[in-house]
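Taking it in order: structure first as structure tokens, then the write-up.
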Amino acid sequence: MISQKEYKSRRKSLAKRLSVNSVGVLYSAKYKTRSNDTEYPYRQESNFYYLTGFKEDNASLVFVKTKASVKTFLFVQKKDEALELWNGKRLGAKEAKKEFDVDAVYTSDEFPQKIEEFLKDKHGLYFDLNSQDERITTLKEHAKTLKSHKDIMSEIANMRLIKSPAEIMMIQKALEITQEAHHKAMKLQKAGKKEYELQAEIEYIFKKNGAYSDAYTSIVACANAANTLHYVENNKPLLDGELILIDAGCEYDYYASDITRTIPVNGRFSKAQRELYEMVLDVELQIIKMVKPKVKRSELQTKAVKLLCKGMLRLGILKGSLEKNIKKEKYKKYYPHGIGHWMGIDVHDQCPYKYENGDEIPLMNGMVLTIEPGIYIDKDDKKVPKKYRGIGIRIEDDILVTKNGYENLSMRIAKTVKEIQRFS
Ligand code: GLY
Ligand code: MN
Ligand code: MN
């Protein structure tokens, strides 16, 4: 749990970043239509959640900063018995004021009038500059006369780069559940089952443990399907003698986990599978070891490319010199993605990779990122030794940057050949 005290201190940090004589506005997420009159399960907008912990829709958060003070206001949907009969209880303004330590709580229908008041004599307005939401269009109308429009999301994105101890605990909790799910999949995989059966087992463990949802659509890809990076059909049978790539992580109370394991159907790696697997694993371990403050993600990427190229040359997947393969990006056919990304409230956390001047942001104590090298060899790739064709491998862990190095938050999820084979 993130305490209300922490949410308040986040609001305080954001307020410090706003210029004097300005107003900042954030809106809650809207329900998204799935089809006709059915909706996807509601999920609060990440930045709104980061600043409030408030999970209802039809809400907004407003900062009003003058030379003398900063005031924070929450707008919530007003109590409505008829609506609540269908859609569940709402907190309402009075209760929200008790729960959320803001200067005042109003109902959302008071917003248009209040915002006019707040904007009087102000110079700047912060909001989500990239939003297509019609609420923003109305807001812009209100703010036509203001000198400057600035992006509130990029200010929050910068704050989200560093995770607090409470946030790290949330990620650890998500990972405990994800660990159980991956181990269950290792135990239950069997030739003849369908990929979606394993997906169901994994997501059952998520739900059983109170994880709201998966943090992204689970990938359960057997054999050549693993070579489609965003394969989500998960509808093929598990084939004896093949590998299954499972990229699945739960979201626990708004915090993500993102884990990939690649395991053999029926529990035994073949010689060729093992050669490739241990090559990728060795790269993953070496890159994780590089994680510490001041190192740049691009350095991790460069090193991963070099190590993967070396491995692919050794195994006869690439030919020629190391330098040429790197320079001509020959590896991209087999390793087309990045080495990792920030992770937090969003699986691909909405935090910058560069400062405003274009310089890369180095790793810092309290950041969380994934490390996820992979190798993908299509079944019809005649340039590669036959024994490796149709194999796709990715190994992904979630890493916390610490003061002197790193902590692998997912280190207890089975990963070596021996550990994985123990499950069958
Ligand atoms: N599961 C999404 C990713 O690995 O980036
Ligand atoms: Mn990832
Ligand atoms: Mn992943």
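Based on what the data block shows, is Ile413 of a type in the set (A, V, I, L, M), within 14 Å of ligand 3 (Cβ to nearest atom) and not in a loop (DSSP other than H, G, I, E, B)?
Values: of a type in the set (A, V, I, L, M): yes; within 14 Å of ligand 3 (Cβ to nearest atom): yes; not in a loop (DSSP other than H, G, I, E, B): no.
In short, no.
Please verify whether the stretch 391-401 includes one or more residues that are modelled with pLDDT of 95 or more, basic (Lys, Arg) and away from ligand 1 (no atom under 16 Å from the Cβ).
Kept after step one, since they are modelled with pLDDT of 95 or more, are these residues of the stretch 391-401: 391-401.
Restricting the remaining residues to those that are basic (Lys, Arg) gives 394.
Among the residues that remain, those that are also away from ligand 1 (no atom under 16 Å from the Cβ) are: none.
Within the stretch 391-401, not a single residue is modelled with pLDDT of 95 or more, basic (Lys, Arg) and away from ligand 1 (no atom under 16 Å from the Cβ).
Mind listing whichever residues of the stretch 244-282 are more than 16 Å from ligand 1 (Cβ to nearest atom) and either of a type in the set (Lys, Arg) or over 17 Å from Gly311 (Cβ atoms) (or both)? Explain how you work it out, then say what you get.
Our first condition is that a residue be more than 16 Å from ligand 1 (Cβ to nearest atom); within the stretch 244-282, this holds for 253-254, 263-279, 281-282.
Passing the criteria: Asp253, Tyr254, Ile263, Pro264, Val265, Asn266, Gly267, Arg268, Ser270, Lys271, Arg274.
Given the residues Lys71, Lys12, Lys8, Lys16, which is the only one that is open to solvent by 50 Å² or more (accessible area, probe 1.4 Å), within 30 Å of His123 (Cβ to Cβ) and part of a strand (DSSP E or B)? Give the steps one after another, and end with the answer.
Numbers: Lys12 fails: part of a strand (DSSP E or B); Lys8 fails: part of a strand (DSSP E or B); Lys16 fails: part of a strand (DSSP E or B).
Residue meeting the stated conditions: Lys71.
Going through the stretch 19-44 one residue at a time, which ones are assigned to a strand (DSSP E or B) and surrounded by 14 or more Cβ atoms within 10 Å (Cβ to Cβ)?
Going residue by residue through the stretch 19-44, those that are assigned to a strand (DSSP E or B) are 22-27, 33-35, 38-39.
Across the stretch 19-44, the qualifying residues are Ser22, Val23, Gly24, Val25, Leu26, Tyr27.
Determine if the stretch 413-420 includes at least one residue that is open to solvent by 10 Å² or more (accessible area, probe 1.4 Å), hydroxyl-bearing (Ser, Thr, Tyr) and either touching a residue at least 60 places away in the same chain (Cβ under 8 Å) or on the phi > 0 side of the Ramachandran plot (or both).
yes
Which strands (runs of 3 or more DSSP E) sit wholly inside the stretch 368-408 and have at least 1 residues that are away from ligand 3 (no atom under 16 Å from the Cβ) and either of a type outside the set (Lys, Arg) or buried (at least 17 other Cβ atoms within 10 Å of the Cβ) (or both)?
374-377, 391-394, 397-401, 406-408
How do the pairs read when you match residues in the stretch 322-347 that are among the hydroxyl-bearing types (Ser, Thr, Tyr) with residues anywhere that are within 13 Å of ligand 3 (Cβ to nearest atom), using Cβ under 8 Å and keeping only pairs 6 or more apart or on different chains?
Partner pairs satisfying both residue conditions: Tyr335/Pro373; Tyr335/Gly374.
(1) open to solvent by 50 Å² or more (accessible area, probe 1.4 Å); (2) not in a helix (DSSP H, G or I); (3) not polar (S, T, N, Q): which one isn't true of Ala191, the others all being true?
(1)
Would you confirm whether any residue within the stretch 377-393 is within 25 Å of the chain's Cα centre (by Cα) and either away from ligand 2 (no atom under 16 Å from the Cβ) or not charged (D, E, K, R) (or both)?
Of all residues in the stretch 377-393, those within 25 Å of the chain's Cα centre (by Cα) come to 392-393.
Now drop any that are not either away from ligand 2 (no atom under 16 Å from the Cβ) or not charged (D, E, K, R) (or both), which leaves 392-393.
Yes - at least one qualifying residue is present in the stretch 377-393.
Take the residues of the stretch 109-124 that are assigned to a helix (DSSP H, G or I) and charged (D, E, K, R): which is surrounded by the most Cβ atoms within 10 Å (Cβ to Cβ)? Quick ask: steps written out before the conclusion?
Going through the stretch 109-124, the residues assigned to a helix (DSSP H, G or I) turn out to be 109-119.
Filter again for charged (D, E, K, R), leaving 109-110, 114, 116-117.
Working: Asp109: 11, Glu110: 14, Lys114: 17, Glu116: 10, Glu117: 8.
So the residue we want is Lys114.
Among what's in the stretch 93-108 and is open to solvent by 30 Å² or more (accessible area, probe 1.4 Å) and assigned to a loop (DSSP other than H, G, I, E, B), pick the residue that is modelled with the highest pLDDT.
Asp103
Can you tell me which residue in the stretch 197-227 is nearest to ligand 1 (Cβ to nearest atom), limited to those that are in a helix (DSSP H, G or I), touching a Leu at 6+ places or on another chain (Cβ under 6 Å) and within 14 Å of Thr262 (Cα to Cα)?
Taking the stretch 197-227 as the starting set, the residues that turn out to be in a helix (DSSP H, G or I) are 197-208, 223-227.
Remaining after also requiring touching a Leu at 6+ places or on another chain (Cβ under 6 Å): 201, 223, 226.
Then keep just the ones that are within 14 Å of Thr262 (Cα to Cα); that gives 223, 226.
Working: Ala223: 19, Ala226: 13 Å.
Among them, the one singled out is Ala226.
The values are calculated or read from the model by the stated rules, or taken from the named source; none is laboratory data. Not measured: the values here are computed from a predicted model. Neighbour counts are summed over all protein chains in view; Cβ atoms, including those assigned to glycine, are modelled from backbone coordinates with ideal geometry. The accessibility values were calculated without ligands, DNA or RNA, using every heavy atom of the protein model including side chains. Shrake-Rupley method; radii C 1.70, N 1.55, O 1.52, S 1.80 Å.
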